[in-house]
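Some notes on the structure that comes next.
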Amino acid sequence: MHPITGSITLHSSLCTFSSDKPSSSSSSSSSSSSSSRSTNNLYVASKPKTLLQNHPLYTPINETLSIQFKEKILCLEILGIDAGKALSQNLQLHSATMESIHSIISFLLSKGIHQKDLPRIFGMCPKILTSNIKTDLNPVFDFLLQELSVPDHNFRRVVKKNPRLLTSSVMDQLKPALFYLKRLGFKDLEALAYQDSILLVSNVEGTLIPKLKYLENLGFSKDEARCMVLRCPSLFTFSIENNFQPKFEYFSVEMGGKLEELKEFPQYFAFSLENRIKPRHLEVLQSGIHLPLSMMLKSTDEAFEELIKQGGG
């Protein structure tokens, strides 16, 4: 699939994009029509049947598919979206009209999203293609503006970072998560919007609270666990079974580490056990030197080797 750049005229599909400047070679009727639209708009084009029928999707093996459904597949592919994946992950897309899909895309473009962003956004969240603009999408942008103080010219930056925001209910997910995070002590709304928005789409009772409880079960107090996630918000995104448990076991058993070290450096859990923690710990052991946990893991390879040499000398 080719990226969408500039002005694209797709004569063998339903989808046509207008460029930032109307092409001088366009017909007078097309020019008058496009002049009333946003320069980033997507619109439905007439379909030349002969070209459509030459496309692989129109071979006899696909005769059971309706013309409209085939055109939808072509349009999604031309947009840069994996149609098969999108249709399998969002069953409502099967019955969605091209007009409804067009309205969704037009709405996102009006919010500052670029055409080149659409493949990633829809690829990650095909559900957006069948969202209700009034009840699903618009409230999310209002939430970004009113609750997180994200100006409209920065909507694109936030949505590109985390398209899942657009599939999250403001009342059932985003507001409860924000309320809980604020209670914990998250005060930097800018960081929540631009860096840690994954926390806003995380279930409070199913994800956030269990991670804190696990840290408490390791021996940290409630306040210590809270301070740890404030210093390293990504702790909320790590798997207990695949991250916390094996890394804590290695830390306590093999490294003989103390809880105080993790309290001071919770970022320990963000490093790869096999590729960073184990190799560097073994080198430190062999060299016979002592390095603080943060210095052992955060140092670049060159700096780490230099520390080993200095300690060994």
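If we count every other residue with Cβ under 11 angstrom of residue 222's Cβ, Lys/Arg +1 and Asp/Glu -1, where does the sum land? All intermediate terms of the calculation are to be shown ahead of the outcome.
Details: positive: 213, 226; negative: 216, 223, 224.
Net charge in that neighbourhood comes out at -1.
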Residue by residue, what Karplus-based ³J(HN,Hα) values in Hz, rounded to whole numbers, does region 285-301 have, using 6.51, -1.76 and 1.60 with θ = phi - 60° and x for Gly and Pro? 4, 5, 7, x, 9, 10, 10, x, 4, 5, 5, 5, 9, 7, 5, 5, 4
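Calculate the all-directions average of the projected area of region 132-202's alpha-carbon convex hull, and give it in nm².
If I average the Cα hull's projected area over directions, I get 4.2 nm².
With a 1.4 Å probe and every protein chain kept in, tell me what percent of the accessible surface of region 132-202 is carbon plus sulfur.
46 percent
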Could you list, bin by bin from short to long, the percent of Cα-Cα pairs of region 67-131 in 5 Å steps? 3, 19, 33, 30, 11, 3, 0
Between the modelled labels at residue 107 and residue 286 (7 Å from Cα along Cα→Cβ) the distance in nm is 5.9 nm
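Compute the accessible area per residue over region 132-202, keeping the other protein chains in place, probe 1.4 Å, unit Å².
On the way: 3600 Å² over 71 residues.
I get 51 Å² per residue for region 132-202.
To the nearest 20 debye, what charge dipole does region 67-131 have about its Cα centre, counting +1 at the Cβ of each Lys and Arg and -1 at the Cβ of each Asp and Glu?
Details: 7 positive and 5 negative charges, 29 e Å.
It comes to approximately 140 debye.
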If every alpha-carbon in region 178-308 counts as one equal scatterer, what log10 I(q)/I(0) does Debye give at q = 0.09, 0.10, 0.11, 0.18 1/Å? -0.29, -0.36, -0.43, -1.00
In nm, to one decimal, how far is the residue 149 label point from the residue 227 one, both placed 7 Å along Cα→Cβ? 2.6 nm
Reachable aspartates and glutamates, given that their alpha-carbon falls under 20 Å from the alpha-carbon of residue 298 and they are not under 8 places away in the same chain: 254, 260, 261, 264, 274, 283, 306
How charged is the neighbourhood of residue 189? Take every other residue with its Cβ under 11 Å from the Cβ of residue 189, and add Lys/Arg as +1 and Asp/Glu as -1. -2
Given 5 Å bins starting at zero, what is the percent of C-alpha pairs of region 233-313 in each, up to the one with the largest pair distance? 3, 15, 27, 26, 17, 8, 3, 1, 0
Virtual paramagnetic centre 7 Å along Cα→Cβ of residue 238, amide N under 16 Å, in region 209-232: 209-221, 224-232
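Would you mind counting up the charge near residue 212? Only other residues with Cβ under 9 Å from its Cβ, with Lys and Arg at +1 and Asp and Glu at -1. Can you show the working numbers first?
Details: positive: 211, 213, 222, 226; negative: 216.
Result for the neighbourhood of residue 212: +3.
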When the Karplus curve 6.51 cos²θ - 1.76 cosθ + 1.60 is applied with θ = phi - 60°, which whole-Hz ³J(HN,Hα) does each residue of region 126-132 get, with x for Gly and Pro? x, 4, 4, 5, 10, 6, 8
Say each of residue 94 and residue 302 gets a label point 7 Å from the Cα, pointing the same way as Cα to Cβ; how far apart are those two points in nm? 5.8 nm
Gap separating the Cα centres of region 287-305 and region 222-278, nearest whole Å: 17 Å
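The values are calculated or read from the model by the stated rules, or taken from the named source; none is laboratory data. This is a predicted model, so every value here is computed, not measured. Here the Cβ is made from the backbone with ideal geometry for all residues, glycine too, and neighbour counts use every protein chain on show. These area figures cover heavy atoms from the full protein model, side chains too; ligands, DNA and RNA do not enter into them. Shrake-Rupley method; radii C 1.70, N 1.55, O 1.52, S 1.80 Å.
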